[in-house]
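Trainee: Take a look at this one; I'll ask things after.
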Amino acid sequence: MSAIDEERAELAIDGMSCAACANRVETGLAKIDGVADARVNFATGRATVLSQRTIDDDEFRTVIEDLGYGLIDRPSPGAEATAGEKRSDPTSDGPPSDPVAEAERRREADLRRRLIVGVVLSIPTMLLSMIPALQFDGYEWVVAALATPVVFWSGWSFHRNAVRNLRHGATTMDTLVSIGSLSSWVWSAVVLMAGIDGGHIYFETGAVIVTLILLGKWLELRATRRSGNAIRALADLGAPSARLEDGTDVPVDAIAVGMRFVVRPGERIATDGVVVEGSSAVDTAMVTGEPVPVEIGPGDEVIGATINVGGSLVVEATRVGADTALAQIIRLVEEAQGSRAAVQRLADRVSAVFVPTAIGIALLTLIGWFATGHPANEAFTAAVAVLIIACPCALGLATPLGIMVGTGRGAQLGVIIKGGEVLEDTRAVDVVILDKTGTATEGRMELSDVVVPSTIAVDSSTLLDLAASLEARSEHPIANAISEASANHRTVEDFANRPGYGVTGVVDGVDLAVGRRLLFQDVPHEIERATEAAERRGATAVLAGRDGRAEMVLVVTDRIKPTSAAAVDAFHDLGLSVTLLTGDNRRTADTVGEAIGVDTVIAEVLPDGKADEVKRLQAAGHRVAMVGDGINDAPALAQADLGIAVGTGTDVAIEASDLTVVSGDLRAVADAIALARRTLMVIRGNLFWAFAYNAAAIPLAAFGVLNPMIAAGAMGLSSVFVASNSLRLRRFVGYRPSGAEPSAAPVNPVSTASHQTG
């Protein structure tokens, strides 16, 4: 079975408390027969499994439960909530039928109850234990009574998970918390009941440890859920129903491809489609990140879940359900959130050995304090502090939370970062290569002129019909412009697409070619002059002719996107060199390059040559980002260190890329690179402080500088710091202003890439 045929399973895991848990589950899943790859994300509580065979949930459940964790049942296909469903509870994080969201809510509610009990009982326990003025005869028994429910009931999940893991010969964060809190309680109970003279009791230590760590877990859980709000908000965008042309209201799930529905002003567009009647402005900000509404009319494509802010529209559905742009965005971002960056590998290796190492250090601390003649209570206190301070929660959250928040913010801006690995790739990129047609230019070609020299005897109308018929078989933007110039299409046989040259075929029994000069054996001097004249004024000249002789010049024009120059400025601001790469002729390419301010122009490159140009730059020591939108850009996108597809392009280009921008605005590409870099910076900051916290605090605890309560508070705060630092990414602002777009005043039409290039 090829990689393309691999089965993919998304699992929700219950009971993981730290990165060590995630590593254990990941290792266990990877050992299942037929599993090619397994990745577990501690922050999201989800696992992604790729396998060479179909594996049912029961088999996954057996392995996961044997490891001491749980598998949350997935909804059946018929019960899955669609993006358009409205939730019955607007404050909830998932539709009622979503068992994963329901499990998360139950977990948070249970955690809140145990935390409240812990806080209510721990405060008087701590006050009585630490303030002599409040103490009275027998107060120790009151402290014991107050602390016991906190240690055993509020901390029950720690003890339960610790026992489960120990049965499998494993240790996790729960092991440290359980040993620390229980040791405090047991030692204190022995001192109290045995009446050991001079012995100290530490009931408040066990209670406060449990309470502070529960507080940290609760804050951590809330931060994690907030970090996923971007995706949940996207999933909520869809319209619940649509009104068909006959006035019937139907659920959005009932819409099929080809059906037509009416979108009134102020309503959300039910699904992806093409406008067949009416004109309006559509607010696409929630999907593409575009700051102002986009004017649309008949023939324009619209994205489901965007808002019609102008006139009434009739839209014909082209994609529904899981095929819509919104559904694909959600899928891509969820996959990215389940990935890991290279910077996480060290954290994974450290987390796997951190807990047993911490237990070893705690034992050495205990022995060392005894060996140096310190009292048992002081030795015990230092050892417990080491156990608590060593919990690697912050380390386990550092990378996945950063990826989660960064990709979520990207989705809000119309930027899809496909995985953690992409973050590393953006850091070293120093050259950006821009495709021209549809990327730097609007890609909306129009046939502006048809030139037939007077010296050539030909019926221009008939030849245009033949050329339009042949071009109708091609998907290239230039071909579309020519094919739409005639409604009188003829029968085509032996059609052949010659990438970089044009198309050939037999139309009404005539051998016809449409494309570049190289496609013809005979190019009359008059045709050459007409071609050069068109190119001098910034247009693309496409030749058409029969039997190997060029007889007509089809002049196709495009416009530079009004935001392309600003995008190039943004690339320069990011320290990137910008190259325009196109199959178009040198004159046209230079015109576009000069207009938008690129550093280098590489013209007249065939599709396979684009990948070669990327290789050439890489061989010279550059790290290359390629931006494109067409099928012919796919090899270069795949070859580049960072492939960036503009969402207005083809599915092939998007699949071959590492980053996708839903908008056609090139500034969104600058936003994507800047956001990826910022996300990586936040992750590195998280990892630094997580490592620094443990590296600095463990020695302090071992030497008695930190007592267990302070250690518990510091451990919880370290996780909260990592979560808060990651959440800063939600405030990321890119290069696209929130106000009006740059003026779209008419500019000189410029050529698009020569036929079938880009």
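Trainee: Could you check VAL682 against (1) assigned to a loop (DSSP other than H, G, I, E, B); (2) at pLDDT 65 or above; (3) crowded, with 23+ Cβ neighbours inside 10 Å and say which number it fails?
Mentor: Checking VAL682 against (1) assigned to a loop (DSSP other than H, G, I, E, B); (2) at pLDDT 65 or above; (3) crowded, with 23+ Cβ neighbours inside 10 Å, the one that fails is (1).
Trainee: Give the residues of the range 685-706 that are of a type in the set (A, V, I, L, M, F, W, C) and at positive phi, sorted by residue number.
Mentor: none
Trainee: For the range 241-263, what are the residues that are outside any strand (DSSP E or B), without any contact (Cβ under 8 Å) to a residue 60 or more places away in the chain and among the charged types (D, E, K, R)?
Mentor: ASP246
Trainee: If you go through the range 133-144 one residue at a time, do you hit one that is within 30 Å of ALA12 (Cβ to Cβ) and crowded, with 16+ Cβ neighbours inside 10 Å?
Mentor: no
Trainee: From VAL503, VAL555, which residue is in a strand (DSSP E or B) and surrounded by fewer than 24 Cβ atoms within 10 Å (Cβ to Cβ)?
Mentor: Exactly one residue qualifies, and that residue is VAL555.
Every residue, every condition in (1) surrounded by fewer than 23 Cβ atoms within 10 Å (Cβ to Cβ); (2) under 25 Å from GLY609 (Cα atoms), yes or no:
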| position | (1), (2) |
| --- | --- |
| ALA479 | no, yes |
| ALA485 | yes, no |
| HIS525 | yes, no |
| ALA533 | yes, no |
| ALA539 | no, yes |
| ALA550 | no, no |
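Trainee: From the list THR44, THR82, THR91, pick out the single residue that is buried (at least 18 other Cβ atoms within 10 Å of the Cβ) and modelled with pLDDT under 85.
Mentor: Just one listed residue meets the conditions, THR44.
Trainee: Check GLU528 against each of (1) touching an Asp or Glu at 6+ places or on another chain (Cβ under 8 Å); (2) not in a strand (DSSP E or B) and name the one condition it does not meet.
Mentor: (1)
Trainee: Just to be sure, is GLY545 more than 27 Å from the chain's Cα centre (by Cα) and either over 30 Å from SER461 (Cα atoms) or not in a strand (DSSP E or B) (or both)?
Mentor: So GLY545 fails the test.
Trainee: Among the numbered conditions (1) more than 20 Å from THR399 (Cβ to Cβ); (2) touching a helix residue (DSSP H, G or I) at 6+ places or on another chain (Cβ under 8 Å); (3) assigned to a helix (DSSP H, G or I); (4) at pLDDT below 75, tell me where VAL669 comes up short.
Mentor: (4)
Trainee: Okay, next question. What's the total number of residues in the range 47-60 that are among the basic types (Lys, Arg) and crowded, with 23+ Cβ neighbours inside 10 Å?
Mentor: 0
Trainee: Among the residues of the range 360-373, is there at least one that is in the same structural domain as ALA565 (by TED's automatic domain parsing) and modelled with pLDDT of 85 or more?
Mentor: No, the range 360-373 contains no residue that is in the same structural domain as ALA565 (by TED's automatic domain parsing) and modelled with pLDDT of 85 or more.
Trainee: Any idea which of (1) at pLDDT 90 or above; (2) part of a helix (DSSP H, G or I); (3) surrounded by 21 or more Cβ atoms within 10 Å (Cβ to Cβ) is the one THR588 doesn't satisfy?
Mentor: Single failed check for THR588: (1).
Trainee: Name the residues in the range 154-171 that are part of a loop (DSSP other than H, G, I, E, B) and either farther than 22 Å from ARG112 by Cβ or among the hydrophobic types (A, V, I, L, M, F, W, C) (or both), would you?
Mentor: Within the range 154-171, HIS168, GLY169, ALA170, THR171 qualify.
Trainee: Pick from VAL415, VAL458, VAL432, VAL422: which is crowded, with 21+ Cβ neighbours inside 10 Å, of a type in the set (Val, Ile, Thr) and over 27 Å from VAL592 (Cβ atoms)?
Mentor: Exactly one residue qualifies, and that residue is VAL422.
Trainee: Looking for something at pLDDT 65 or above, under 24 Å from the mean Cα position of the chain (by Cα) and assigned to a helix (DSSP H, G or I) - is there at least one such residue anywhere in the range 2-17?
Mentor: No, the range 2-17 has no match at all.
Trainee: Can you confirm whether the range 701-717 contains a residue that is part of a helix (DSSP H, G or I), surrounded by fewer than 21 Cβ atoms within 10 Å (Cβ to Cβ) and modelled with pLDDT of 85 or more?
Mentor: So far as the range 701-717 goes, no, none of its residues is part of a helix (DSSP H, G or I), surrounded by fewer than 21 Cβ atoms within 10 Å (Cβ to Cβ) and modelled with pLDDT of 85 or more.
Trainee: Being under 29 Å from THR407 (Cβ atoms), of a type outside the set (Val, Ile, Thr), modelled with pLDDT of 75 or more and not in a helix (DSSP H, G or I): is that true of GLY266 here?
Mentor: no
Trainee: Moving on. Under 7 Å between Cβ atoms, which residue pairs at least 6 apart in sequence (or on different chains) link something in the range 355-381 that is over 25 Å from LEU166 (Cβ atoms) with a partner that is at pLDDT below 90 and in a loop (DSSP other than H, G, I, E, B)?
Mentor: From residues that are over 25 Å from LEU166 (Cβ atoms), the pairs are ASN377/GLY199; ASN377/HIS200; GLU378/GLY704.
The values are calculated or read from the model by the stated rules, or taken from the named source; none is laboratory data. Everything numeric in this text was worked out from a predicted model, so none of it was measured. Every residue, glycine among them, receives a Cβ derived from its backbone with ideal geometry; neighbour counts consider all protein chains shown.
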